[in-house]
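Where a number appears in this text, it was derived from the coordinates with a stated rule and is not lab data. All figures in this text were calculated on a predicted structure; none of them were measured in a lab. We place every Cβ from the backbone using ideal geometry, glycine too, and count neighbours over all the protein chains shown.
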Amino acid sequence: MKKFLMILKVFICVLIFGAGAVLISFVLFPAGAFFVKDKKEFFTRVIHKSWKIYTHIMLKIHAIELSANEEIKNIRQKIIVASHPTFIDIVLLIGLIPKSVCIAKKELLKNPILKNIVKNAYIINDVETFSADAAEFLKEGYNVIIFPAGTRTTEGEDFKVHKGAAQLGIETGVDIVPIKISCDCKFLAKNSSMFEVGGKIPHYTLTLKPQLKISDYKKQPDDCVKLRKIISADIKSALV
């Protein structure tokens, strides 16, 4: 019975998410593009407020439980790197942290529902444009959220940290803030469906780790490749 209730809760959450995406993509964003002067601020604020409400709904119906450092809500103009155990990690992060954007796969631009959201409120993961787009957001006071593993990971799994976050830190001089996301049970994990849930309410813990100050690495090797490897190793150590 408990498992059935959890599946039902997850199904309701999926329906709400889908309905919200349709509303944002086909009503709020087009209206904002027409009436609002600062479109970037409007688009990102809509996503933040929407996902904050969505997280609140998940908590209220006991689809999830959440513990997070209060300081997480006050992060400003940083590169945020996070572990990525479940499908809704980015929803929790952007719902908690105002003025934040994340990286999206180019393939999402082919999704008719998400296309308008992705192109207006995300940074596309494109080798040619990523650094410049991310640097622009940082310069304007936004946080840039990156999952350095590039995909969802399994607890205890040895994962590779991609160079993007470290390289962006070196290029911009912006400090890196690691956030370890943990879930105490298998829930919306990699290679699993929404129906593969147990009867337990998953409890998320978001732990703020010590900031990686780019200025501290100036004493490290001047060689960019070596420096990038050192920073990437420190990111991995903070998230495992």
Excluding residues fewer than 8 places away in the same chain, name every one of the aspartates and glutamates whose C-alpha is closer than 17 Å to that of LYS180. GLU65, GLU70, GLU71, ASP89, GLU155, GLU157, ASP158, ASP234
Remind me, relative contact order of the chain in percent, using alpha carbon pairs under 8 angstrom and six or more residues apart? 26
So in the chain, what percent of DSSP beta bridges are antiparallel if you round to the nearest 5? 25
HN-Hα couplings for segment 225-232 via Karplus (6.51, -1.76, 1.60; θ = phi - 60°), in whole Hz with x for Gly/Pro, come out as 5, 5, 4, 4, 5, 5, 5, 4
For segment 102-240, what class follows from the C-alpha gyration tensor (a ≥ b ≥ c being the square roots of its eigenvalues): rounded when a/c is under 1.5, otherwise prolate if a/b is larger than b/c, else oblate? oblate
With a 10 Å Cβ neighbour count serving as the proxy for reagent exposure, in which order, fewest first, do PHE35, PHE130 appear? PHE35, PHE130
Placing unit charges on C-beta atoms (Lys and Arg positive, Asp and Glu negative, everything else neutral), compute the dipole magnitude of the chain about its Cα centre in debye, rounded to 20. 400
Label-zone membership for segment 109-143, site SER215, 7 angstrom Cα→C-beta point, backbone N under 20 Å: 138-143
Can you spot the aspartates and glutamates whose alpha carbon is less than 13 Å from LYS106's alpha carbon? Ignore those fewer than 8 places along the same chain. ASP126, GLU128
Binned at 5 Å from 0, what are the whole-percent values of the Cα-Cα distance distribution for segment 1-106, short to long? 2, 10, 18, 23, 19, 15, 9, 3, 1, 0, 0
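Using the per-residue mean of other Cβ atoms lying within 10 Å as a proxy for protection, in what order, highest first, do the peptides 226-238, 183-195, 89-101 fall? Numbers along the way, then the final one.
On the way: 226-238: 17.5, 183-195: 14.8, 89-101: 21.5.
Going by the mean number of other Cβ atoms within 10 Å, highest first, we get 89-101, 226-238, 183-195.
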Go through segment 112-129 residue by residue and turn each phi into a ³J(HN,Hα) via Karplus (6.51, -1.76, 1.60, θ = phi - 60°); whole Hz please, and just put x for glycine and proline. x, 7, 8, 3, 5, 5, 4, 6, 9, 10, 10, 9, 6, 6, 10, 4, 6, 10
Taking the dipole about the Cα centre of the chain, with the C-beta of Lys and Arg at +1 and of Asp and Glu at -1, give me whichever of LEU206, VAL81, GLY95 is farthest to the positive side. GLY95
For segment 135-142, 3J(HN,Hα) per residue [Karplus equation, 6.51 cos²θ - 1.76 cosθ + 1.60, θ = phi - 60°, Hz, x = Gly/Pro]: 4, 5, 4, 4, 4, 8, x, 8
